[in-house]
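One structure is given below, encoded as structure tokens.
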Amino acid sequence: MSMNFAWSPEQIAFYKSVVNFAQQELNQDLIEKDKSSQFNQTGWDKCAEFGVLGWSIPQEYGGQGNDPLTTILGLEALGYGCRDNGLVFSINNHLWSCAVSILNFGTQAQKQKYLPALCQGKSIGGHALTEPNSGSAAFDMQTEAVLQEDYYILNGTKTFISNAPLGDVYITFARTNPDLGIQQGISAFIIDKNLPGLTIEKEWSKSGLRTAPMGELVFQDCKVPVDRCLGKEGKGYNIFQSTIGWERSFLFASNVGIMERILDQCVKYARKRRQFGQHIGSFQAVSHKIAEMKMRLELAKLMIYKIGWLKKEGKRAFLESSISKIFISEGLVETCRDAIQIHGAKGYITDYELERELRDSIAGTIYAGTSEIHRGIIATLLGL
Ligand SMILES: Cc1cc2nc3c(=O)[nH]c(=O)nc-3n(C[C@H](O)[C@H](O)[C@H](O)COP(=O)(O)OP(=O)(O)OC[C@H]3O[C@@H](n4cnc5c(N)ncnc54)[C@H](O)[C@@H]3O)c2cc1C
């Protein structure tokens, strides 16, 4: 089957409308918000109004029902237009790790209960997997859920959780039957923030993505009603694999938009800034950095659109999403470093906002599976 991801006039109009919306509505007071680690609630509400929070959710549950390729284009446009990378990261977490998990694995009742509020942005979603002693080895988790009549009793700690403590709903994972191993012994749960026995603690301060909150969920004899088990008991591993597949594939579409925004900024600056009587873009040492940025951008686009096309065809994109996750996250760090170098001292100064781009970009090589873990996945898929 031949790949086809040529954009229709409607998709091109959609891209432009998202860029315009994001540039006009989402970039206010960014330096201050970054300094004070302030979540962009106004931006969030505006995104909800614009439909962003339900792009990938069918209309019957309050979403926009966009196909995967159109959603990728929208996320890319959001990354291009919105310089608040923390807000874009929060939105992606909410969409891919929470809403889409409920959509794909929830019962009809769960979908009706949670999805409309998530699409309207009245409810903020998150995904709680990582624990103090299990990061990359996520399935060495200690959190356990014991069934007692109509409730599961959860005990354990989930840490480095994006959108906590602001979140209203989290998808979490716990051991329900360790004897059955990883494949069948772990279950997923939909957790409301107000459940008795759940405290949301510790707001972490971090180097970048400072406008995206990050906290810790502590379960102490937390009573979770049985109807909050997502999918069937024991299906946690399958749910995680599917969720992380969507997240790895789509979250990084926004980073492609960020790459293009920074490239455009560098081209503009290199054509304007003069040293030694000529614009700095005429020095090969500068122009080649920009050419590399363009090469990375075009290859990143090809990769991410291929994933969108595969998903649209209902196919898996396991290998492709690991390749693109590494390529885009590491490529964005390179692009940010080169952009700082091209801007000289201005690149390093807070007011010019490029140092923030670099701080924000570094996280991408860690979350959603580190670069090392993804290289390992690619090697395994090659039979090594
Ligand atoms: C900004 C941000 C947001 C996050 N949001 C969430 C969230 O919403 N929900 C959530 O559950 N988690 C979240 N995380 C946590 C993230 O998933 C973990 O940080 C990540 O899985 C790595 O785990 P770790 O930090 O414990 O590192 P470790 O697993 O301890 O790894 C440390 C180092 O060892 C390397 N390493 C480990 N194992 C191997 C191996 N087998 N082969 C080669 N190298 C290896 C790693 O690549 C890394 O370089 C977030 C993290 C960040 C930075």
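Structure notes:
- Selection from Phe219, Tyr237, Leu263 lying farthest towards where the dipole of the range 218-299 points positive, charges on Cβ: Leu263
- Percent of beta bridges antiparallel (DSSP, the chain, rounded to nearest 5): 85 percent
- Contact order normalised by residue count of the range 243-381, Cα under 8 Å, 6+ apart, percent: 29 percent
- Taking 0.36 nm per residue of separation and subtracting the Cα-Cα distance, full extension of the segment from Gln120 to Ala137 would add 2.7 nm.
- Only the Cβ atoms of Lys and Arg (+1) and of Asp and Glu (-1) were treated as charged; on that basis the dipole of the range 36-87 about its Cα centre amounts to roughly 160 debye.
- Rel. contact order, % - alpha carbon contacts under 8 angstrom, at least six apart, the chain: 17 percent
- Residues Asp264, Asp192, Asp34, ranked from the fewest to the most other C-beta atoms within 10 Å, line up as Asp264, Asp192, Asp34.
- Farthest toward positive dipole pole in the range 126-237 [+1 Lys/Arg, -1 Asp/Glu at C-beta], among Thr143, Asn155, Trp204: Trp204
- MRE, 222 nm, helices only [DSSP H, n ≥ 4, -39500 (n - 2.57), over the chain, to nearest 500]: -16000 deg cm²/dmol
- By the count of other C-beta atoms within 10 Å, a proxy for reagent exposure, Arg375, Arg356, Arg248, Arg261 are ordered fewest to most as Arg375, Arg261, Arg356, Arg248.
- Seen through its C-alpha gyration tensor, with square-root eigenvalues sorted a ≥ b ≥ c, the range 9-124 comes out oblate because a/c lies at 1.5 or above while a/b is not bigger than b/c.
- Cα centroid of the range 208-270 to Cα centroid of the range 349-369, whole Å: 16 Å
- Shape call, the range 243-381: gyration tensor on alpha carbons, a/c limit 1.5: prolate
- Three-way shape call for the chain based on the alpha-carbon gyration tensor, with the a/c threshold at 1.5: prolate
- Here the chain is treated with +1 on each Lys and Arg Cβ and -1 on each Asp and Glu Cβ, and its dipole about the Cα centre works out to around 1120 debye.
- Dipole-positive endmost among Leu75, Ile124, Pro58 within the range 9-124 (Cβ charges, Cα centre): Ile124
- Sites Lys35 and Asp179 - FRET efficiency at Förster radius 41 Å, r taken between beta-carbons, to 0.05: 0.25
- Most mobile listed residue (Ser56, Ser134, Ser322) in the chain, GNM with C-alpha springs under 10 Å: Ser134
- The trypsin sites (Lys or Arg not before Pro) found in the range 97-190 that occupy coil by DSSP, while having at most 15 further C-beta atoms within 10 Å, are Lys122.
- Share antiparallel - DSSP beta bridges, the range 126-237, percent rounded to 5: 90 percent
- Residue exposure proxy: His374, His94, His288, His279, ordered by other Cβ atoms within 10 angstrom of their Cβ from fewest to most, comes out as His288, His279, His374, His94.
- Taking the DSSP beta bridges with both ends in the range 55-200, the antiparallel portion is around 70 percent.
Where a number appears in this text, it was derived from the coordinates with a stated rule and is not lab data. What you are looking at is a predicted structure, and each value in this text was computed from that prediction instead of being measured. All Cβ positions, glycine included, derive from the backbone under ideal geometry; neighbour counts span all protein chains shown.
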